[in-house]
1. Being within 23 Å of V430 (Cα to Cα), outside any helix (DSSP H, G or I), in contact (Cβ under 8 Å) with a residue 24 or more places away in the chain and under 21 Å from the mean Cα position of the chain (by Cα), is that true of even one residue in region 282-304?
2. Which one of G106, G24, G43 is free of Cβ contacts under 8 Å to residues at least 60 places away in the same chain, outside the structural domain of R148 (by TED's automatic domain parsing) and either more than 24 Å from L391 (Cβ to Cβ) or not charged (D, E, K, R) (or both)?
3. State the number of residues belonging to region 118-151 that are touching a Phe, Trp or Tyr at 6+ places or on another chain (Cβ under 8 Å) and buried (at least 20 other Cβ atoms within 10 Å of the Cβ).
4. Six or more apart or on different chains, Cβ under 7 Å: which pairs go from a residue in region 48-62 that's among the aromatic types (F, W, Y) to one that's surrounded by 19 or more Cβ atoms within 10 Å (Cβ to Cβ)? Could you list them?
5. Considering every residue within region 128-146, establish whether at least one is in contact with a helix residue (DSSP H, G or I) (Cβ under 8 Å, 6 or more places away or on another chain), among the acidic types (D, E) and under 30 Å from M244 (Cα atoms).
6. Just one of the numbered conditions (1) modelled with pLDDT under 90; (2) closer than 29 Å to L62 by Cβ is not true of A397; which one?
7. Out of curiosity, is W263 buried (at least 16 other Cβ atoms within 10 Å of the Cβ), closer than 23 Å to R332 by Cβ and either among the aromatic types (F, W, Y) or within 19 Å of the chain's Cα centre (by Cα) (or both)?
8. Going residue by residue through region 408-427, is there one that turns out to be touching a Phe, Trp or Tyr at 6+ places or on another chain (Cβ under 7 Å) and among the acidic types (D, E)?
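The values are calculated or read from the model by the stated rules, or taken from the named source; none is laboratory data. Keep in mind that what you see is a predicted model, and the values were worked out from it rather than measured. All Cβ positions, even for glycine, are placed from backbone atoms using ideal geometry, and neighbour counts span all protein chains on display.
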Amino acid sequence: MSGQSPSLDSLAAEITKLSGMLTGYMRANDVPAPSFEVDSPTGYGDLPPEIFRARQLLLDALTDMWFLTWGPAGGVFAFSHTLLADATVLNIMNEFDFWSAVPLDGTASYEEIAERTKLPVDVVRRVIRHALNFRFFAETNPGDPSTRVKHTALSGVLVRSAGARGAFQTMFEIGGGPTLMLHQALRKYNAGRAKMAQGVDKSAFALFNSQHGDGKYTDYWQYLENSGEGGKKGHRQKSFSKYMDFVTSLFGHENVMAQCYDWKSLGAATVVDVGGSGGHNAIPLAQNFPDLRVVVEDLPRVRPVFEESVPPGLRDRVSFRGHDFFDPQPERGADVYVFKKVFHDWPDESVVRILRAQVPALRPGARVLVVEHVVDRAGLPADKQDVPRSLQRLATATDLRMMALFNAKERSVADFRRVLGEADERFELVDVKVNPKSELGIFEIVWRG
C-alpha cells in the first residue's frame with residue numbers, strides 16, 4: 001500500500017486480504033485460533049516468515065483504519081487522551097495484583113476484589129471499568145449491579161506468567177516515571193547541544209530518582225540490584241530477569257541466537273554469552289548444538305536465576321561466571337563472544353569501555369556477535385530496510401526507553417562502525433543480518449589483532 005495515502009476502502013480490502021492469509025494458514029496447519037476467552041491459545045506458534053510478515057502488515061493496516069475511522073483530529077485526541085490512562089490502569093492492576101484477586105477459572109465480585117487488593121470498592125470499579133474497554137477482564141452480566149468479574153485471555157496471561165508481570169513492573173513502575181520526565185532531562189542536559197551529553201548520570205532515570213526517589217541511585221542497574229529491604233532486596237532484578245525470559249520466548253528471540261551464526265561449522269567450540277542473564281539464550285543454543293560449550297557471564301546476583309533455569313542435562317556444557325563486563329574478560333581464547341541486547345543499555349562511552357575490556361582475551365579471528373534492535377537501517381540492502389511499522393514501533397519504543405533509563409540508544413550500522421573504531425580499529429564489522437521475524441539485527445564483528 002506504499003506510494004499513496006490509504007483510504008478506508010483500500011484499507012478494508014488490504015485487511016481482508018491479509019487476514020485471509022493468516023486464517024488460511026491456520027486452517028491449513030490446524031493452528032487453533034486465539035480468542036478472548038480465558039482458555040484461548042496465547043499465540044500462533046512459530047509462524048513462517050511470509051505469514052509472520054502478513055500478520056504485522058495486518059496490524060499496520062488496522063492501526064491506519066483506527067485513525068482514519070476516527071478522522072485525523074479525533075484520532076489524535078482519542079489516542080493521546082487514553083494513552084496514559086491505559087498505562088496507569090495496567091500499572092495499578094499489576095501493583096495491587098488484580099490478577100490473583102480473580103480466580104483464573106472462576107469469578108469474583110467487586111467487593112471480593114476490593115478485599116483482596118485492599119483498595120476501596122469504588123477505586124476497583126473505576127479501574128476495572130476502564131480495563132474492560134481493552135478486554136482486560138470481563139463482566140459476567142454487564143449492566144447488572146450484581147455482576148461479577150472474570151478473566152479474559154489477556155488478563156489470564158498475567159496470572160500464568162511471572163515474566164509478563166515482571167514486564168509490567170519494569171515498564172510501568174520502574175520505567176514510567178523516568179520516561180515521563182525524559183523531556184525535562186533533555187532540556188536540562190541536551191538543549192542547544194549538537195550531540196547528546198554522555199553519562200548515565202544525565203539520564204531521565206537519574207533525574208527522576210534525584211527528585212522523586214531517595215537519590216541513592218543514578219544507575220538503573222544498581223537500583224535493580226539493591227533496591228528493597230531485607231528479603232525483598234534485589235527483587236526487581238529477579239523480575240527483570242523473568243521479563244527478559246518472557247520477551248525472549250514471546251518473540252522467539254532464543255531462536256535468533258541459534259540462527260544468527262553458523263554454529264555447526266565451529267565444531268567443538270567455546271561461546272561466551274556476555275551479560276547473558278539467567279541463561280535464556282545460552283540454553284537453546286546448547287540444546288541445538290551439542291558440540292558447543294557456553295559460558296554465561298553476568299553479575300553474581302543473577303546466579304540463582306541461572307541455577308533455576310539450566311536443565312541438569314546441560315550443566316556439563318553450560319556454566320555461569322559472575323563477571324562485570326567492564327572488567328577485563330576472564331574467558332581467554334574463546335571462539336565467539338555474544339552481546340545480546342547489552343550495548344543498547346549503555347551510552348557510547350560505556351560501550352567503548354566494554355569492547356576494550358574484551359581485547360586482552362581475544363585471539364586473532366575471534367568473533368564478537370552483537371544482537372540489538374535495528375531502528376535505523378540505512379546502509380543495509382534495500383530488501384532489508386522494509387520493516388512493518390508494527391515491528392518498527394517496538395524498536396523505536398525500546399530506543400526511547402533506553403534514552404530515558406540509561407541515556408543510551410539503539411544503534412544504526414553507522415553508529416556501530418563508529419563505536420567499534422573508537423574502541424579499537426582492529427574490530428571489523430564484516431556482516432549485518434536482519435531477522436525477518438523480529439526487529440533484531442545481528443552484527444558480526446571479527447577481531448583482526
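1. No: region 282-304 contains no residue that is within 23 Å of V430 (Cα to Cα), outside any helix (DSSP H, G or I), in contact (Cβ under 8 Å) with a residue 24 or more places away in the chain and under 21 Å from the mean Cα position of the chain (by Cα).
2. G24
3. Matching residues across region 118-151 total 9.
4. Note: pairs meeting the criteria are F52/K437.
5. There is no residue in region 128-146 that is in contact with a helix residue (DSSP H, G or I) (Cβ under 8 Å, 6 or more places away or on another chain), among the acidic types (D, E) and under 30 Å from M244 (Cα atoms).
6. Result: A397 fails condition (1) only.
7. yes
8. The answer is no, given that none of the residues of region 408-427 is touching a Phe, Trp or Tyr at 6+ places or on another chain (Cβ under 7 Å) and among the acidic types (D, E).
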